[in-house]
Structure formats: C-alpha cells, structure tokens
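The values are calculated or read from the model by the stated rules, or taken from the named source; none is laboratory data. In this text the structure is predicted, and so the values were computed from the model without any measurement. For neighbour counting, all protein chains shown are included, and Cβ atoms are generated from backbone atoms with ideal geometry for every residue, glycine included. Surface areas here come from the heavy atoms of the whole protein model, side chains and all, with no ligands, DNA or RNA. Shrake-Rupley method; radii C 1.70, N 1.55, O 1.52, S 1.80 Å.
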Amino acid sequence: MAHGMQIVFACESPGRLAHFWSGALGYVLQPPPDGFESWDEFADSVGIPVERRDDFAAVVDPEGVGPRIFFERWDPGPPGKRVHLDVNSVGEVGHDEREARLEEERHRLEALGARFHRQATGAAGETWIEMFDPEGNWFCVQ
C-alpha cells in the first residue's frame, strides 16, 4: 500500500510562507477541521496557547492532487533540517492504536535501512516519530 506524504518547511514565519506558497503554487490556505469555524476555535478545543498559534500553517492543493505543504516555526539546528518529508502511514486512529502502528512502521523502516531518532509530541497532543534515511536525511512518520 502506498503512503501519503507532506512536505514540511521549518521557517521563521509560517503564515508568511504559507501565503507565499499558496500564491506561487495556486494552492489555498488549509481550512480548519470539520466542525470548526476557525483555526483559533480548533486551537482552543485542543489547548494550544495563544502565543503558539502562529507556530504553524499549511497550504493544500484545491484539486486534492498535490501534497499538503506544512510550515512550522524553525527550531534552530543544522541547516539540513529546514525541509523534510512527513510520511503519513498511520492514519486517523486512537492514541493506543497510533502508538502501536508507529512502532510497527518504525521497525519496517529500520529493516529498510532507516535509523530511529526520537518520538515527538506536538502542541495539539499528536505524536510522530523522527527518523533518518540511509544517507542521514531527516523525515517524520505520522
């Protein structure tokens, strides 16, 4: 089964880059999840503090063909960590099933030559794992 993916840019101003790339690619700013009138309403529901709400933005292909592009506030580090892929192999499942699927995917990718780096948790409580491909390129699995 093929896995979806998104392209992630670590940057200083996620909103500014999202606006730029939406115009450059003919994409649109990603609308809030179903059931929410705004991203602030969603952020309130999952406990994202006001001071962190500009830490991320995303654009999507209005035709649903191209990958989602996600922009996150840059945590200074090596320059090679400014762009990476997120492999969407787990899907929308409950927390316990998500943890089990992440662990399975980790082992599958390690068997292909990847190296595990760490498990991480985002502002909304979502989890993912960070890995390196056989040549040391960083990617995430979610």
What strands (runs of 3 or more DSSP E), lying completely within the stretch 28-142, carry at least 1 residues that are touching an Asp or Glu at 6+ places or on another chain (Cβ under 8 Å) and within 20 Å of Leu17 (Cβ to Cβ)?
56-60, 68-73, 138-141
Pairs with Cβ under 9 Å, 6+ apart, first in the stretch 110-130 and without any contact (Cβ under 8 Å) to a residue 24 or more places away in the chain, second open to solvent by less than 60 Å² (accessible area, probe 1.4 Å) and among the hydroxyl-bearing types (Ser, Thr, Tyr)
Gln119/Thr127; Ala120/Thr127; Thr121/Thr127
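Being among the charged types (D, E, K, R) and closer than 21 Å to Trp138 by Cα is the filter here, so list the residues in the stretch 1-59 that pass it.
From the stretch 1-59, those among the charged types (D, E, K, R) are 12, 16, 34, 37, 40-41, 44, 51-55; that's our starting set.
Residues satisfying the conditions are Glu12, Asp55.
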Filtering the stretch 100-135 for residues that are open to solvent by less than 40 Å² (accessible area, probe 1.4 Å) and either modelled with pLDDT of 85 or more or closer than 14 Å to Val8 by Cβ (or both) leaves a count of 12
Boolean, Glu104 is charged (D, E, K, R) and more than 16 Å from the chain's Cα centre (by Cα)
yes
From His19, His84, grab the single residue that is closer than 25 Å to Glu130 by Cβ and either crowded, with 17+ Cβ neighbours inside 10 Å or not small (Gly, Ala, Ser) (or both).
His84
Between a residue in the stretch 43-58 that is in contact (Cβ under 8 Å) with a residue 24 or more places away in the chain and open to solvent by less than 50 Å² (accessible area, probe 1.4 Å) and any residue that is not in a loop (DSSP other than H, G, I, E, B) and not hydrophobic (A, V, I, L, M, F, W, C), which pairs come within a Cβ distance under 7 Å, given they are 6 or more apart or on different chains?
Asp55/Pro14; Asp55/Glu72; Asp55/Arg73; Ala57/Pro14; Ala57/Gly15; Ala58/Arg68
